[in-house]
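Colleague: Before I ask anything, let me first share the structure, which is written out below as structure tokens.
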Amino acid sequence: MCMIAAMTVCLTLAASQTSDAADRLHAMAKSLSPVPPPPTNPTNAFALSPAAALFGQRLFFDPGLSRAGDVSCSTCHDPTLAFADGKQVAEGLNTGTINSPTILGAAHHRWLFLDGRADTLWSQALGPIENDLEMGSSRTDAVRHIAGNEILRAEYTALFGPLPDVENLDRFPVNARPGRPQWEAMGTEDQHAITSAFVNLGKAIEAYERLLQPGHSDFDRWVASIDAGTSSTELMSPAAHRGFGLFAGDAGCRQCHFGPMFSDLEFHDLALPPRDPAAAPLPGRGAGYELLRKREFAADGIWSAAPGSTKARRAAGARIGPEHWGSFRTPSLRNVAKTGPYMHAGQFETLSEVLAFYNTLDGQVRRHHHAESVLQPLNFTPDQLADLEAFLKALSGDPPAILLRKPRRSNGTEPPKSAE
Amino acid sequence: MILVLVCASQADPIGLWVSTHEDLGGVHAIAAIPTTDEVAVLNAESGTLRMGLSPESEILDLSRSLHQPLGLAIAATGRIYVADTGHHRVMYFTPEGAMIGGFGGAGDEPFQMQHPHAIDLSDALAVVADTGHNRIQLFQIGGQHIRNIEGDTIGLNRPEGVALDANGHIWIADTQNHRVLCVDQHGDIIHAIGSWGTFPGQFMEPSGIDAKDGRVVVTDRLNHRVQIFDMETAALLESWGMHAVYPRQGEGKVHYPADAALLSGGDVVIAEPFEERAQRFGTGGAEIEPPSLGPRGVQSHFGPVAATDGRFFCTWEPELRAIHVFDLDRKTPLRLSTFGEPGEAAGQIGHLTAIDIDAANNRIWAVDAGNHRIHEWTISPPPPDKPRFDPGMATLRRSVPLPIAGPGELLHTNDKLIYLDQAGNTAWQIAGTSEHTEIELPLGRDPRAAVLCESTGNTQPPGAILDGIDKTIHLYGSWPPADNRASTISLAELIDPVDFAQTHDGSFVVVDRSGHRIHRFGIDGTHLNAWGERGSDHGQLWRPAAVVVDHHNRVIVLDHGNHRAQMFEPDGTWIMTFGAGRAWTRRPALQETD
Amino acid sequence: MRLSTLCMFTLITLLLASGCAQRPGIKDSTTTEDGRFRVTWWQTPPRPIEANSYFELFVEVEDLTDDEEPYDLRFDATMPAHRHGMNMVASPTRFTRDSWVVRDLLLHMPGEWVMTFDVTDQNGVLHRASETVILD
């Protein structure tokens, strides 16, 4: 009788411990799902405007914003590739040095670009248009492109009011953008008018990009079933379930990949092997911070709709430390199975390569002998790595199809190409 | 291949290793010789100047005029200018080495100096890094004072390097601000480069600097590398060097570079006093090996300060700006904590020059010459029978301003904390407030270290001070000492005595840094024994920097150049070698233990 | 008025109106290591600090020995095991002679954080009070 009682106590304790572990895992799961709406952005008065989003969607897919009319935002953020590009590093007009991140869920990030050089989504959207590695155009030509297209002009005007008289090439020269003599030759008011219109393009693109939320994944469906009290384990594979246990436990992924976006939204240096050992090391957040401080389109700047907002104040309070040099923003793991190659310079082609790196840290580069790394090799078995990978693959989910293409409402004419 | 980190604007990287020149002694200063396009290297410890890098080069003995000289410049006429650091002045000599004159001198007048570390020249101008006064002094070439660029106007913090470029601009290695400045001759800043860190373009204690032919070269001491900048744009052109993987490794590996000279053809020669060598780099150099991106395990860069009390031994690691605390009552010393926030704000660690620990009251103090403060921590050590590493073991208790904070010695008695400030040649009784009391002590001319003697009998003097210039230990009958010197111990046979401690039998162990040896003297001055030789094996030493005696009467030597500590019996028998993460001992057998 | 500003305004108003008897929010208190000052803080929003979630502190400093006006207060938070701190600069704003508001604080990673309140007295001496926070 005593033995039965003791066994009962043991079994009850074991069941209780198992239940506690499951409860902890469920609590952890619920901290990761669902994806909430992105935080508000008071610096963009058009962020929630459906009309601006439609206009922004049109701009996103429009190569007319590039110098030669052949590169659009969607070149490097391809909706068929979860808004990444499948390439090691970005290739616009020229080849860059940084991997193109997905923009699914980008509106959740407090810092934009992998080095955090922008503090709002609208200011991020403006960067590539004038970057010679990417779209290589100018703000003046971008605005002229809008003015020259009937649909774009109509939508812009309805949203933001009249455009500057960009057909006047004496006042608004071709290729005019800051740093170029054509720009310096322009009058201050004309410069202001162009920049104001240019900023509006960015704000419209943000309105569209805010809609690009990661879709419901198998993981989200399982978490929803927990909430519903069913905990339908069949919604994820057994391997994915085991992988989630590792993810939330021994793998330590949660140190940086936590919250609904599976990212702390901040910057870390994993001492990754460089893509090109002979090339200069990438400064990451170190340089990104300096660019942020000098940025024309800052959240607390004159082009912001709310320069005194909490968001703007927080962005201005960013700190730079020695640990930030060489660090890059923690990527979201949502849709990670679709967004290879991986890491800031596309160092790894596949997820299994990424996990193999974490497993051994082979090839890890210490820039200096006294550099310390918090990372420790996982030393997992192949089965455990496979389970982790299965879990990561359960994080894929597409946004609504209507957002994945150029809007159909169009007059059918191709936009004119900007003059060089 | 030398690690060339940034060479975007350089078709031919210049950071290729050309040659290594060894056995040069404590070569803290190096300068181009305009008449020969060779370099001269100054041995700070012997006071000799070698007019070239080859073994056959002429050697000028300037030692009669100099003490610990750290700066060198040679005029177009061949006249030799030396920053005579230990005497707080500049001396100049004929090309043959005959002393002509000098300027400066100890004091706080505008033309006086405190431990000047560097000098550079143009045809008409001499600029001096007046390191201890945190300023740059401008003189006419003959020594007439022109003006100062005061540190408080541009925020200098112990500048150790200075160079004049062809535009007449002054480049400053602003050492404890971890940056390089370019200013005009009135102190207006033209360029400010860098911040504390390891990334190319950042610095950790920039030390030497030279400017020539459109380039500026900087020795980045704690990053063990050399960086080259464009003189006009201040853009980083190139950065090379990496800490040695193996002891004494050269051929492109760089170790604590102190100074650099640019030659007319663009080659760079650097001085590495730690390795007693110089290395030459240039476009015509050899590609010797792939970049070694940093070994694991070379992480015990113990700084030149140490203290022990009870079961604790503490030192600091300048590269991390952190303090290590070890438990000595283990089979091998066990690291209990590494703590300290790096930074320039109050309460953060800049550059420590002295440390002390009080085991009975769980206190650690450190003098921070970088941030001009003395910090006090409370420690919560684990019980002796349950030791464990705890990065949160120490909590900052107070951080008190200490305006004069150069190298020195920190001592605590039951009720007093005293700092012997070697730079100011003064002693301060530290208060809990900033109102410290300057106290009159017969410090001698170069008070490098002091001990409060163990109470082992009536014959023991209460305290002793080591004078680096006189090479003497002065024993005093009271502490704090009045001018009642009881006796002296001569250290004349030592090359560079830098620290000492007292064993339990009353004898003194003295560190001879340049001699790479430890000497033990009886209280009556008798030389009892000595041990150590230059090398990296167990029992050998490489530029030892500090010594303490623990409560087991074991002599712990901070073997600075080998990045480790070693423990000996007072008779010189080696007991063990240890670092932050490992130890070797023959007790019971030679083995590695964690 | 923005929400956070409103929250802080409300908190401060309540603090002042209550005569420090019944204060809202989570309150915590400690003394500096040397016992000179007592540091008391209230947290907004009034809930446990979460990893990567902004919060604000209202901090009061009391001189326990001299009743002297503190010269300054600095706040920081570091992760001793990682040897780094926050990714933002904490800028306390003085509210009264003995109180400060510290906004936009963000402990961006889970793990052990040490919050430090550095009180500088009129002599320039820094006195530190600290509190360990462990975030899941």
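The values are calculated or read from the model by the stated rules, or taken from the named source; none is laboratory data. This is a predicted model, so every value here is computed, not measured. Don't worry about glycine lacking a Cβ; one is built from the backbone with ideal geometry, like all the others, and counts go over all protein chains shown. We work out accessible area using only protein heavy atoms, side chains counted, and drop any ligands, DNA or RNA first. Shrake-Rupley method; radii C 1.70, N 1.55, O 1.52, S 1.80 Å.
Colleague: As a test of the definition: with a 1.4 Å probe, what buried accessible area, both sides summed, do you compute for A against B, in Å² to the nearest 100? Kindly include the intermediate steps, with their values, before the conclusion.
Modeller: Working: alone 19590 and 21800 Å², together 39580 Å².
Adding both sides of the contact gives about 1800 Å².
Colleague: If you take the accessible area of C alone plus B alone and subtract the pair, what total do you get in square angstrom, rounded to 100, with a 1.4 Å probe?
Modeller: Numbers: alone 7710 and 21800 Å², together 27960 Å².
Counting protein atoms only, the buried area is about 1500 Å².
Colleague: Give, ordered by residue number, each residue of the stretch C:38-57 whose 1.4 Å probe accessible area is reduced by a minimum of 50 Å² on adding the remaining protein chains to the chain alone.
Modeller: So the qualifying set is C:Asn52, C:Tyr54.
Colleague: So what is the relative contact order for the stretch A:215-393, in percent, with contacts set as C-alpha pairs under 8 Å and at least six apart? If you can, show how the numbers build up before the last one.
Modeller: Values: 212 pairs, mean separation 56.1, N = 179.
That works out to 31 percent.
Colleague: Check which residues have an amide H placed less than 5 Å from B:Asn134's amide H, if you skip close sequence neighbours.
Modeller: B:Arg158
Colleague: Here's a follow-up. Of all accessible surface on chain B at a 1.4 Å probe, what whole percent is carbon and sulfur? Could the numbers behind the result be given before it?
Modeller: On the way: 9390 of 20210 Å².
After summing per-atom areas, the C and S share lands at 46 percent.
Colleague: Rounded, prolate or oblate: which fits the stretch A:215-393, taking a ≥ b ≥ c as square roots of the Cα gyration tensor eigenvalues, rounded meaning a/c under 1.5, else prolate when a/b beats b/c?
Modeller: Verdict is oblate for the stretch A:215-393.
Colleague: Per DSSP helix of 4 or more residues, -39500 (n - 2.57); summed, then divided by the residues of the protein assembly as shown. What does that give at 222 nm, rounded to the nearest 500? Don't skip to the answer; put the middle values down first.
Modeller: Values: 16 runs with 178 residues, N = 1150.
Rounded to the nearest 500, it is -4500 deg cm²/dmol.
Colleague: Let me ask something else. I need the phi-derived Karplus couplings for the stretch A:163-180: 6.51 cos²θ - 1.76 cosθ + 1.60, θ = phi - 60°, integer Hz, Gly and Pro marked x.
Modeller: Along the stretch A:163-180, the couplings run 8, x, 7, 6, 5, 7, 6, 6, 7, 10, x, 4, 6, 7, 8, x, x, 10 Hz.
Colleague: Sticking with this structure for a sec: Would you work out the charge dipole size for chain A about its Cα centre, treating the Cβ of every Lys and Arg as +1 and the Cβ of every Asp and Glu as -1, and quote it to the nearest 20 debye? Let's see the in-between values first.
Modeller: Details: 38 positive and 46 negative charges, 134 e Å.
Result for chain A is approximately 640 debye, rounded to the nearest 20.
Colleague: Return one whole number: the accessible area per residue of the stretch A:50-213 in Å², for a 1.4 Å probe.
Modeller: Values: 5340 Å² over 164 residues.
Spelled out: the 1.4 Å probe surface of the stretch A:50-213, per residue, equals 33 Å².
Colleague: In addition: Counting pairs of alpha carbon atoms under 8 Å apart in space and at least six apart in sequence, what relative contact order in percent does chain B give? Write down the numbers at each step before the final one.
Modeller: Working: 1758 pairs, mean separation 50.9, N = 594.
With pairs under 8 Å counted, the relative contact order is 9 percent.
Colleague: So if I take the centroid of the Cα atoms in the stretch B:306-347 and the same for the stretch B:10-78, what is the distance between those two points in Å?
Modeller: 36
Colleague: Do you know which residues of the stretch B:201-225 lose at least 30 square angstrom of accessible area in the protein assembly compared with their chain on its own, with a 1.4 angstrom probe?
Modeller: Buried on complex formation: B:Gln202.
Colleague: Which residues, if any, in the stretch A:222-265 lose at least 30 square angstrom of accessible heavy-atom surface (probe 1.4 Å) when the other protein chains sit next to their chain rather than the chain being alone?
Modeller: Buried by 30 Å² or more upon assembly, which counts only protein chains, are A:Arg254, A:Gln255, A:Phe258.
Colleague: Okay, next question. Can you give the angle from 0 to 90° between the axis of helix A:351-360 and the longest principal axis of chain A, with both taken from C-alpha atoms, to the nearest 10?
Modeller: Between the helix axis and the principal axis of chain A, the angle is about 60 degrees.
Colleague: Quick check for you: with a 1.4 Å probe and neighbouring chains kept, what is the accessible area per residue of chain B, in Å²? Walk me through the numbers on the way to the answer.
Modeller: Numbers: 20210 Å² over 594 residues.
With all protein chains present, chain B gives 34 Å² per residue.
Colleague: Quick one: Cα centre-to-centre distance for the stretch A:276-310 and the stretch C:66-136, in angstrom?
Modeller: Computed from Cα coordinates, the inter-centre distance equals 26 Å.
Colleague: Additional query: Report, in whole Å, the centroid distance computed from the Cα atoms of the stretch B:157-179 and the stretch A:181-205.
Modeller: Rounded to whole Å, the Cα centres lie 42 Å apart.
Colleague: Another question, if that's okay. Taking Cα atoms, how many degrees apart are the long axis of helix A:285-294 and the longest axis of chain A, rounded to 10 and kept between 0 and 90?
Modeller: 40
Colleague: Which whole-number value in Å² is the accessible area per residue of the stretch C:29-135, probe 1.4 Å? Intermediate results must be reported in sequence, preceding the final value.
Modeller: Numbers: 3860 Å² over 107 residues.
Ligands and nucleic acids excluded, the figure is 36 Å² per residue.
Colleague: Separate question: Note the direction-averaged projected area, equal to a quarter of the hull surface, for the Cα convex hull of the stretch C:29-135, in nm².
Modeller: Numbers: hull surface 25.3 nm².
Orientation-averaged projected area of the Cα hull: 6.3 nm².
Colleague: Using a 1.4 Å probe on protein heavy atoms only, how many Å² of accessible area do A and C hide from each other, summed over both chains and rounded to 100?
Modeller: For chain A against chain C, roughly 1900 Å² becomes buried.
Colleague: For a quick size check, give me the Cα extents of the protein assembly as shown along its three principal axes, largest first, whole Å.
Modeller: 101, 96, 63
Colleague: Also, I was wondering about something else. Carbon and sulfur: what percent of the stretch C:29-135's accessible surface (1.4 Å probe)?
Modeller: On the way: 1700 of 3860 Å².
On the stretch C:29-135, the fraction of accessible area on carbon and sulfur atoms equals 44 percent.
Colleague: Something else now. Under the definition of partner shielding as Cβ atoms of other protein chains within 10 Å of a residue Cβ, what is the mean value for peptide B:389-400?
Modeller: Taking the mean over all residues of the peptide, I get 6.
Colleague: Enumerate the amide H contacts of C:Asp72 below 5 Å, restricted to partners 5 or more residues apart or on another chain; note that Pro and chain-start residues carry no placed amide H.
Modeller: Placed amide hydrogens put C:Thr120 under 5 Å from C:Asp72.
Colleague: By per-residue mean of other Cβ atoms within 10 Å, what is the highest-first order of B:199-211, C:66-78?
Modeller: Working: B:199-211: 25.5, C:66-78: 16.3.
Put in order of decreasing packing, that is B:199-211, C:66-78.
Colleague: Taking chain A as the reference, fit the longest principal axis to its C-alpha atoms, fit the long axis of helix A:218-227 to the helix C-alpha atoms, and give the angle between the two in degrees, 0 to 90, nearest 10.
Modeller: Between helix and principal axis, roughly 60 degrees.
Colleague: Go ahead and run the numbers for FRET between B:Asp470 and C:Asp66, Cβ-Cβ distance against an R0 of 41 Å, rounding to 0.05. Don't skip to the end; give the middle numbers.
Modeller: Numbers: r = 45 Å, r/R0 = 1.10.
Plugging the Cβ-Cβ distance into 1/(1 + (r/R0)^6) gives 0.35.
Colleague: Relative contact order, percent, of chain A when contacts are C-alpha pairs under 8 Å separated by at least 6 residues?
Modeller: Values: 732 pairs, mean separation 105.7, N = 420.
Reported relative contact order: 25 percent.
Colleague: Still on this structure, please answer the following. First compute the accessible area of the stretch A:215-393 with a 1.4 Å probe, then give the percent of it belonging to carbon and sulfur atoms. Walk me through the intermediate numbers first.
Modeller: Details: 3940 of 7200 Å².
Exposed carbon and sulfur together represent 55 percent of the surface.
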